Each structure stands twice: as C-alpha cells, then as structure tokens.
Amino acid sequence: MKVGVFDSGVGGLTVVKSLLEHRLFDEIIYYGDTARVPYGVKDQNTIIRYALEAVEFFKNFDIDLLIVACNTVSAYALNEMKAQAPFDVIGVVEPGILATKNTLSDPNADILILGTKATVASKAYETLLQAHGFTNVSAKATGLFVPIVEEGLYEGAVLESTMKHYFNNRTSPDAIILGCTHFPLIAESISAYFNNKSHLIH
Ligand code: DGL
C-alpha cells in the first residue's frame with residue numbers, strides 16, 4: 001500500500017517515523033511545504049488552498065491514502081480535501097483525541113492543548129474533548145515553536161526562553177496534547193520544563 005504524508009514542513013516527519021516503526025506501508029511519499037511554512041498563522045481560505053494544492057500534487061503518485069500530518073490543515077481543510085481527492089484522506093486531530101482517551105481516565109484531568117494560532121482558534125481539540133466528557137481543558141497557541149523546530153533548535157537557550165514566555169506561572173498540567181506535528185521534536189524539552197510531571201500526548 002502506498003501512502004502520502006503531508007505537512008507544512010518537517011513536522012509530519014514525526015508521523016513518518018511512527019509509520020516506519022510500525023511498518024505499515026510499502027511506500028511513503030512525503031510532501032513538506034517548506035516554501036510556505038508556517039501555515040498556523042494563515043487564514044482559513046489560504047490553508048484550504050494550500051491543502052487542495054497538496055491533493056493535486058499527490059494525484060501524480062497513485063497513492064491509496066493521504067495522511068494529513070498537520071493539525072492546522074486537519075482542523076480547517078479535511079472536508080475540502082476529502083471532496084477533491086480520489087484517495088482516502090485522514091487527519092491527525094481525531095487520533096489525538098483517541099490517544100487522550102486511552103491515556104486519561106479522569107474526566108476532570110487538567111489538559112493543556114498546544115497548537116498553532118489557527119489550530120487553537122479552530123477549537124477542534126476542545127470541542128471533541130468536551131464531547132468525550134473532559135471538563136478541564138485549556139489551549140495555548142505556541143506558534144513560535146514551529147520556526148524553532150524548523151531551525152533544528154530542539155533544546156537550548158532560544159527554546160528555553162520561548163517556553164518561559166508561553167508557560168510562565170503555569171503549573172504542570174496532568175496532560176499536554178502536542179497539537180502540532182512539529183512539537184514532538186521538542187517533547188523532551190517541554191516535558192522537562194514541567195518537571196516531567198505531565199503526560200505528553202502526540
Ligand atoms: N505541523 C503543523 C501542525 O501540526 C503546522 C505548523 C505550521 O505550519 O504552522 O499544525
């Protein structure tokens with residue numbers, strides 16, 4: 001089976017890594033739109049336009065399935081992509097919700113969602129988590145992490161001060177949802193910032 005994986009940049013490679021570990025597909029074609037990253041600061045129409053261009057790109061490769069390894073695109077453009085694609089299209093938000101359900105048994109657990117500005121504004125995670133009975137959910141747009149990851153700064157002073165900027169005074173949540181596929185690359189640093197007290201879900 002041949003699969004396409006799409007992200008705005010390098011973030012979707014975290015999904016590719018997991019696909020390779022599980023040997024799920026015979027062939028993987030990756031499209032990272034590094035010319036136009038970040039998507040998370042763009043408006044909905046632009047995100048949809050870029051997403052439909054990705055569908056057109058993958059039409060050249062006779063894929064069986066397209067994995068949208070980008071939360072921003074998953075939150076805004078999945079239906080439009082499904083309508084235009086001759087192959088199946090799946091996103092990453094619903095699997096993230098499933099992983100949360102499998103990790104947390106307490107519906108009152110303190111859950112912090114991290115994502116791009118666009119993903120947080122969409123409330124895609126909050127809406128689904130609340131529908132699954134989780135009551136204590138908050139979200140924080142942490143878009144500066146995206147260029148930091150694209151730059152390969154997975155640890156060090158720049159990342160530390162950016163985390164401080166975003167998380168200052170925040171007590172360790174029970175769980176942190178890495179609602180952007182770039183963020184697993186800095187998971188260790190985020191976990192350490194919260195003294196390794198939070199479950200990281202991605
Ligand atoms: N990796 C993407 C996501 O999961 C988007 C990062 C960006 O382009 O802003 O949302």
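The values are calculated or read from the model by the stated rules, or taken from the named source; none is laboratory data. Just so we're clear, the structure is a prediction, and the values are computed from it rather than from any experiment. Here the Cβ positions follow ideal geometry from the backbone for every residue, glycine too, while neighbour counts run over all protein chains shown. Surface accessibility is based on the protein's heavy atoms, side chains included, excluding ligands, DNA and RNA. Shrake-Rupley method; radii C 1.70, N 1.55, O 1.52, S 1.80 Å.
Evaluate the following for T162: is it among the polar types (S, T, N, Q), closer than 26 Å to I186 by Cα and away from the ligand (no atom under 15 Å from the Cβ)? Before the answer, list the steps.
Values: among the polar types (S, T, N, Q): yes; closer than 26 Å to I186 by Cα: yes; away from the ligand (no atom under 15 Å from the Cβ): no.
For T162, the condition - among the polar types (S, T, N, Q), closer than 26 Å to I186 by Cα and away from the ligand (no atom under 15 Å from the Cβ) - is not met.
Can you work out which of the residues in region 19-49 that are aromatic (F, W, Y) and surrounded by 19 or more Cβ atoms within 10 Å (Cβ to Cβ) is farthest from the ligand (Cβ to nearest atom)?
Filtering region 19-49 down to residues aromatic (F, W, Y) leaves 25, 30-31, 39.
In the following step, the residues that additionally are surrounded by 19 or more Cβ atoms within 10 Å (Cβ to Cβ) were identified as 25, 39.
Working: F25: 20, Y39: 4 Å.
Top of the filtered list is F25.
Pull up region 150-170, narrow it to residues that are of a type outside the set (D, E, K, R) and modelled with pLDDT under 95, then point me to the one that is surrounded by the most Cβ atoms within 10 Å (Cβ to Cβ).
The first filter runs over region 150-170 and keeps only residues of a type outside the set (D, E, K, R), leaving 152-154, 156-159, 161-163, 165-169.
Adding the requirement that they be modelled with pLDDT under 95 leaves 168-169.
Values: N168: 7, N169: 5.
Checking each candidate, the answer is N168.
Just for region 58-91: of the residues that are within 16 Å of the ligand (Cβ to nearest atom) and of a type in the set (V, I, T), which one is surrounded by the most Cβ atoms within 10 Å (Cβ to Cβ)?
From region 58-91, those within 16 Å of the ligand (Cβ to nearest atom) are 66-78, 81, 89-91; that's our starting set.
If we keep only those that are of a type in the set (V, I, T) as well, we get 67-68, 72-73, 89-90.
Numbers: I67: 26, V68: 28, T72: 35, V73: 29, V89: 24, I90: 17.
Out of the qualifying residues, it is T72.
Tell me which residues, restricted to region 173-202, are more than 16 Å from the ligand (Cβ to nearest atom) and open to solvent by 10 Å² or more (accessible area, probe 1.4 Å).
From region 173-202, those more than 16 Å from the ligand (Cβ to nearest atom) are 173-175, 188-189, 191-199; that's our starting set.
Passing the criteria: D174, E188, S189, S191, A192, Y193, N195, N196, K197, S198, H199.
How many residues does region 94-114 hold that are touching a residue at least 40 places away in the same chain (Cβ under 8 Å) and surrounded by fewer than 20 Cβ atoms within 10 Å (Cβ to Cβ)?
6
Just checking, how many residues over region 115-143 are among the polar types (S, T, N, Q), open to solvent by less than 20 Å² (accessible area, probe 1.4 Å) and either within 10 Å of the ligand (Cβ to nearest atom) or out of contact with any Phe, Trp or Tyr (no Cβ under 8 Å at 6 or more places or on another chain) (or both)? Show your work before the answer.
Residues of region 115-143 among the polar types (S, T, N, Q): 116, 119, 122, 127, 130, 135-136, 138, 142.
Filter once more, keeping what is open to solvent by less than 20 Å² (accessible area, probe 1.4 Å): 116, 119, 142.
Cutting the leftovers down to either within 10 Å of the ligand (Cβ to nearest atom) or out of contact with any Phe, Trp or Tyr (no Cβ under 8 Å at 6 or more places or on another chain) (or both) gives us 116, 119.
Qualifying residue count, region 115-143: 2.
P147 passes all but one of (1) under 15 Å from the mean Cα position of the chain (by Cα); (2) over 18 Å from N196 (Cβ atoms); (3) not in a helix (DSSP H, G or I); which number fails?
All conditions are met except number (3).
Please work out which one of (1) away from the ligand (no atom under 11 Å from the Cβ); (2) open to solvent by 50 Å² or more (accessible area, probe 1.4 Å) is the condition V16 fails and give its number.
Among (1) away from the ligand (no atom under 11 Å from the Cβ); (2) open to solvent by 50 Å² or more (accessible area, probe 1.4 Å), V16 violates only (2).
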